[in-house]
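First comes the structure, then the notes that go with it.
The values are calculated or read from the model by the stated rules, or taken from the named source; none is laboratory data. Given the structure is predicted, the values throughout are model-derived calculations rather than measurements. Cβ placement follows ideal geometry from the backbone for every residue including glycine, while neighbour counts extend to all protein chains displayed.
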Ligand code: FAD
């Protein structure tokens, strides 16, 4: 039994959450007395690839063919399956991101494997192979016993702590044959519409709702987010009204996130909003209504007017940063 971890990169740099999957893979491999092979797809420099050993890879497969420079669901699924076959890996770990959610079922079908998506803890292998995952939009947990010998697990970003492992790993070029049918649609250019932290990958998120009254008041939200190195998000009515782009809409019908810190400003905390953010590690709510439902889900609550509280918060963060500069 061996273990394969697919590590996502963004423009040649591995995401922090990729190191989380690797640490997760390393800890699982230790439990099962096996090794971890990391698979990287796309153009990544050797110095960046070397980081994979630091987080637990015992071997690195590098697929850097030009054709696979841009994410391609079908093609990447074929490469991951081929890597699992090559390494005789019966367990594959993938990040539970947009791309990971698309890849994992394809890989599972190709491998004829069981799949659990949205794992948040290491499997309990004391009796079977039981994986804890979120269920019902993070309102419950499910414990799934994976009965198949082959397994695909997707790990929720920010759910597993990164840990360094003192070891080295050799990098091997891996260029498996990929079906030409996968390339019938070709991406000619990728244009990022922001150079800011991407919401699904963000460790910290500052989010605001209809309580901010209008798009002109988002300056303070952006300032707070910039100071914290956070991504910005919003409630559905805010993006529906065109105050903010739809890419920032979080919730049941938007993006589901699980950052380490979620600051909600002027958001009521409707069940559909909570569905996308309740698995955040720490939730801070700022709302002028003490009865706002969001306070029930909050770790810290500030009852007050956002237009008074947020500027004060910004000043305090600035002072803290200056003191620690
Ligand atoms: P409001 O409900 O209007 O709340 C504004 C809050 O701001 C209030 O709590 C108020 O006390 C507070 N406030 C006002 N002024 C201030 C101030 N000066 N300072 C501080 N606080 C202030 N919503 C989502 O967000 N995401 C989803 O994915 C989503 N999916 C949905 C799917 C369906 C099928 C349906 C029916 C609804 C969905 N909704 C979703 C909508 C959801 O039900 C709520 O209507 C929405 O989340 C409310 O947005 P809000 O909190 O920004 O606005």
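Filtered by the rule that a residue be over 21 Å from residue 257 (Cα atoms) and either assigned to a helix (DSSP H, G or I) or in contact with a helix residue (DSSP H, G or I) (Cβ under 7 Å, 6 or more places away or on another chain) (or both), the range 212-222 gives 212, 215, 216, 217, 219, 220. When 172, 203, 163, 189 are checked against the criterion of being surrounded by 10 or more Cβ atoms within 10 Å (Cβ to Cβ) and out of contact with any strand residue (DSSP E or B) (no Cβ under 9 Å at 6 or more places or on another chain), 163 stands alone in meeting it. Screening residue 252 with (1) closer than 29 Å to residue 320 by Cβ; (2) surrounded by fewer than 21 Cβ atoms within 10 Å (Cβ to Cβ); (3) within 15 Å of the ligand (Cβ to nearest atom); (4) touching a residue at least 24 places away in the same chain (Cβ under 8 Å) gives one miss only, at (1).
Name the residues in the range 175-186 that are assigned to a helix (DSSP H, G or I) and exposed (fewer than 10 other Cβ atoms within 10 Å of the Cβ), would you?
Within the range 175-186, 180, 181 meet the criteria.
For the range 89-148, the tally of residues that are closer than 23 Å to residue 74 by Cβ, out of contact with any strand residue (DSSP E or B) (no Cβ under 8 Å at 6 or more places or on another chain) and outside any helix (DSSP H, G or I) stands at 2. Between 242, 229, which is in contact (Cβ under 8 Å) with a residue 24 or more places away in the chain, over 21 Å from the mean Cα position of the chain (by Cα) and more than 12 Å from the ligand (Cβ to nearest atom)? 242 is the lone residue from the list that is in contact (Cβ under 8 Å) with a residue 24 or more places away in the chain, over 21 Å from the mean Cα position of the chain (by Cα) and more than 12 Å from the ligand (Cβ to nearest atom). Look through the range 278-312, keep the residues that are buried (at least 17 other Cβ atoms within 10 Å of the Cβ), part of a loop (DSSP other than H, G, I, E, B) and within 26 Å of the chain's Cα centre (by Cα), and return whichever of them is modelled with the highest pLDDT. Residue satisfying both the conditions and the ranking: 298.
What do you reckon, is residue 131 buried (at least 21 other Cβ atoms within 10 Å of the Cβ) and at pLDDT 95 or above?
When the stated conditions are applied, residue 131 passes them.
Does residue 267 satisfy the criteria of being modelled with pLDDT of 95 or more, in a loop (DSSP other than H, G, I, E, B) and either more than 14 Å from the ligand (Cβ to nearest atom) or buried (at least 22 other Cβ atoms within 10 Å of the Cβ) (or both)? Criteria met by residue 267.
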